[in-house]
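Worksheet: the structure to be examined is printed underneath.
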Amino acid sequence: MRGLALAMLVSAGAALHAPAGWTDAGDAPAEALLELAFFLKLPAAGTAALEAELLARSDPSSRAYGAGWLSNEQAHAMVAPPASAVEAIEDWLRTRAPGTEPARRTPNGDIITATLSVSAAEALLGVDYRAYTHAASNTSVVRCLEKIALPPAIADVVAIVGPTTRFPPRSAAAPRAPHATGRIAERRSA
């Protein structure tokens, strides 16, 4: 695809093949709903400043020691991705997946989620989503096992997109839920 950067955006331990015990059950239902999560890159300066602030406030030899802890709002503000990155993701989702309304799930906007059909997710990311089953735990998930395609401006601000290649650990898998609503269910035991 012209003008697209290929990017492998996966969590540690992910592979381009299904782990042992997982079986490819065929194409994921095109109209089933999938919740995609876009984890934005955090600003290096902000994470370094937050770390320095926390270390200073917990070091008895520091002037900041005993000054109290940062509020959640203060900590989130220090590591929030730039507003331009959040806007870029949201605009891209609205443009490339019409009818999809992004929703911020975290206070600082570093994870943006969107619920869309499997076919829309495939078109958005340039991949083929497949259904996988794990017989021993009676678990079903939808994953893609190929590199995703993102425009360069989006690839520059996104660290991870999921679900893509990472499978749930077998020990955390629970029986699969019925697909009555058309939403792809992934269950894990507590």
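Compute the accessible area per residue over region 35-168, keeping the other protein chains in place, probe 1.4 Å, unit Å².
Heavy-atom SASA per residue in region 35-168 reads 48 Å².
Roughly what would the spin-label model give for Leu54 and Glu146, points 7 Å off Cα along C-beta, in nm?
The two pseudo-label positions are separated by 3.9 nm.
The values are calculated or read from the model by the stated rules, or taken from the named source; none is laboratory data. On a predicted model such as this, the values are computed, not experimentally measured, just so you know. Quick reminder, even Gly has a Cβ in these numbers, built from the backbone with ideal geometry, and neighbours come from all protein chains shown. Note: accessible area is taken over every heavy atom of the protein model, side chains too, but ligands, DNA and RNA are not part of it. Shrake-Rupley method; radii C 1.70, N 1.55, O 1.52, S 1.80 Å.
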